[in-house]
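**Student:** After the structure tokens below, expect a handful of questions from me.
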Amino acid sequence: MTVGEDDTGAREELARRIAGEITLSSDPGATLRKWRTDFDVSQTDLADRMGVSSSVVSDYESGRRESPGIGLVSRVVDGLLDIDESRGGARIRQYARVVSAGFESDIVRDIREYPTAVPTERVYEALDATEITPGDRDTVNGHTVINSIEAITSLSSEEFYRLYGQSTDRALVFTGVTRGESPLVALRVVTPTPNAVILHGLDEEALWDHAAALASVDGFALAVSTAELEPALENLRAL
């Protein structure tokens, strides 16, 4: 595949971001693993692209080897991006959409990426949330806090997709929810689904009757929270 000029710029920017996160991380192996899994690349495929054995990648991710130097990090990043381009460049194009997107603060309250994957349970704890149904994945790589009414009434499906930020493996927190029907139905037009959805502003008794079943079908974890919003957001930002 030949990438366009915009995608080339996005690739270079994304490469700098990934390399910076790995290099500056207190746990570079975990950060490397986060990005590899976010790209849905196996250790074997990455190792093949880099021209090393899969044990080398495994050793760095597990911390059995000392922190990777800038040369190794550069090869890891190039390997991930080369594999993405060979698959059609979807991940790079997603990043291009994110960096070119702008959301009003009344739609997106917060959007963040984590340096390493975080257990979904920690997001629940930050929001004092109660899980209604578990999902297929138990970690997230970031979160987006969304004003549900503004997002649903103002955003196109393409703009809604950009709420995922730089990683689709994330928690989407919808605020101002009364039943949960609208945001859960809106998610059905967006592919892929997030790892977790937290509906803020209602308890389990007020939840839409079909919410749990819909979450189970689509494979994401679903939780509700009635915690005071601002302190909860501060807890979330501290992750």
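**Student:** Say whether the condition of being in a helix (DSSP H, G or I), open to solvent by less than 40 Å² (accessible area, probe 1.4 Å), in contact (Cβ under 8 Å) with a residue 60 or more places away in the chain and in contact with a strand residue (DSSP E or B) (Cβ under 9 Å, 6 or more places away or on another chain) is met by at least one residue in region 67-77.
**Tutor:** So the first thing to find is which residues in region 67-77 are in a helix (DSSP H, G or I), and the list is 70-77.
Checking which are open to solvent by less than 40 Å² (accessible area, probe 1.4 Å) leaves us with 72-73, 76-77.
Restricting the remaining residues to those that are in contact (Cβ under 8 Å) with a residue 60 or more places away in the chain gives 77.
From what's left, in contact with a strand residue (DSSP E or B) (Cβ under 9 Å, 6 or more places away or on another chain): none.
No, every residue in region 67-77 fails to be in a helix (DSSP H, G or I), open to solvent by less than 40 Å² (accessible area, probe 1.4 Å), in contact (Cβ under 8 Å) with a residue 60 or more places away in the chain and in contact with a strand residue (DSSP E or B) (Cβ under 9 Å, 6 or more places away or on another chain).
**Student:** Can you pull out the residues in region 20-47 that are in a loop (DSSP other than H, G, I, E, B) and open to solvent by less than 70 Å² (accessible area, probe 1.4 Å)?
**Tutor:** So in region 20-47, the residues in a loop (DSSP other than H, G, I, E, B) come out as 25-27, 39-42.
25, 39, 41, 42 - these are the residues of region 20-47 that are in a loop (DSSP other than H, G, I, E, B) and open to solvent by less than 70 Å² (accessible area, probe 1.4 Å).
**Student:** Quick check on residue 116: is it modelled with pLDDT of 85 or more and over 20 Å from residue 186 (Cβ atoms)?
**Tutor:** Judged against the criteria, residue 116 is a match.
**Student:** Taking the stated definitions as given, is residue 105 within 30 Å of residue 234 (Cβ to Cβ) and at pLDDT below 90? Full working, then the answer.
**Tutor:** Values: within 30 Å of residue 234 (Cβ to Cβ): yes; at pLDDT below 90: yes.
Considered against the rule, which asks whether it is within 30 Å of residue 234 (Cβ to Cβ) and at pLDDT below 90, residue 105 comes out as yes.
**Student:** Hey, another quick one. If you take the residues of region 201-239 that are assigned to a strand (DSSP E or B) and not β-branched (Val, Ile, Thr), which of them is surrounded by the fewest Cβ atoms within 10 Å (Cβ to Cβ)? Don't jump to the end; show me each part of the working.
**Tutor:** Let us first name the residues in region 201-239 that are assigned to a strand (DSSP E or B), namely 221-225.
If we keep only those that are not β-branched (Val, Ile, Thr) as well, we get 221-223, 225.
Values: 221: 26, 222: 24, 223: 25, 225: 22.
It comes out as 225.
The values are calculated or read from the model by the stated rules, or taken from the named source; none is laboratory data. Just so you know, these numbers come straight off a predicted model, no measurement behind them. Positions of Cβ are backbone-derived with ideal geometry, glycine not excepted, and every protein chain shown enters the neighbour counts. Please note that ligands, DNA and RNA were not included when accessible areas were found on the heavy atoms of the full protein model with its side chains. Shrake-Rupley method; radii C 1.70, N 1.55, O 1.52, S 1.80 Å.
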